[in-house]
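Colleague: Below you will find the structure I want to go over with you.
Any read-out appearing in this document is the output of simple, stated calculations on the displayed coordinates, not a laboratory observation. Please read all numbers here as calculations on a predicted model, not as lab measurements. Don't worry about glycine lacking a Cβ; one is built from the backbone with ideal geometry, like all the others, and counts go over all protein chains shown.
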Amino acid sequence: MLAVLLCLPALWPQSPTNERLTVGQPQKVAGKRNATVHTKVPIAILAGYHVNSNTPSEDYLIPLSLTWSAPGALEGGQVTYPKPTLEKYEFAEKPLSVYTGNFDLSVSFKVSSTAAAGPGVAVGKLRYQACNDRSCFQPKTVDVSVPYSVQ
C-alpha cells in the first residue's frame, strides 16, 4: 500500500506554473491546395519572467524562435512576432528587447499543391531562453503542433 501511495505523485500532471513559458494549442487550419492558411500560437510567460525577443540586443542571449520541420502538406511556416518591449535588468548594461505576459505568434502556411486531402499535423520547435530580473536560465526547446485539414 505504501509503495502505491509513493508512486501516486508521479502520476499527477505537472502544474503549468512549473514552467516559465507555456505554449497553448494553436487553432486548426483548413484550406485547399495552393491556398494560404493562418493560425496563432498562444504563448504565456509566467509573471516575473521574460524571454528574449527574436531580435536580441545582446549577442549572448538566445532569441525566441519558432521553426518548422521539413515541409509536408503545409509549406513555409512564416512567423510574425509581436512587437517586443525594451526593459532594463540588473545583469545587462543596456535595456533588452523582450516579451512578457501573454501574446500570440502569427503563422502563415501555404498548402502544398501536392498535398493529400485529409487531416494532418505540422510540427515545429519553439526555442527560447527565460530570464528573471537578475539572471537567465538554460535555453529550452518546446514542440509545437498545428493540426490541419486539406480540403
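Colleague: Go through region 126-151 and give me each residue that's among the polar types (S, T, N, Q), touching a residue at least 60 places away in the same chain (Cβ under 8 Å) and not in a loop (DSSP other than H, G, I, E, B). Before the answer, list the steps.
Modeller: To start, the set of residues in region 126-151 that are among the polar types (S, T, N, Q) comprises 129, 132, 135, 138, 141, 145, 149, 151.
This time we only want the ones that are touching a residue at least 60 places away in the same chain (Cβ under 8 Å), so: 129, 132, 145, 149, 151.
Hits for region 126-151 are Ser145, Ser149.
Colleague: Pull out all pairs, ordered by first then second residue, where Cβ-Cβ is under 8 Å, the residues are six or more apart or on different chains, the first lies in region 63-75 and is acidic (Asp, Glu), and the second is not in a loop (DSSP other than H, G, I, E, B).
Modeller: Glu75/Phe109; Glu75/Lys110; Glu75/Val111
Colleague: Please work out which one of (1) surrounded by 12 or more Cβ atoms within 10 Å (Cβ to Cβ); (2) assigned to a loop (DSSP other than H, G, I, E, B) is the condition Val123 fails and give its number.
Modeller: Evaluating Val123 over (1) surrounded by 12 or more Cβ atoms within 10 Å (Cβ to Cβ); (2) assigned to a loop (DSSP other than H, G, I, E, B) leaves (2) as the failure.
Colleague: Would you check if there is a residue in region 77-87 being in contact (Cβ under 8 Å) with a residue 12 or more places away in the chain, hydrophobic (A, V, I, L, M, F, W, C) and under 13 Å from Ala122 (Cβ atoms)?
Modeller: yes
Colleague: Also, quick follow-up: Residue by residue through region 20-57, note down the ones that are surrounded by 14 or more Cβ atoms within 10 Å (Cβ to Cβ) and of a type in the set (D, E, K, R).
Modeller: Residues satisfying the conditions are Arg20, Arg33, Lys40.
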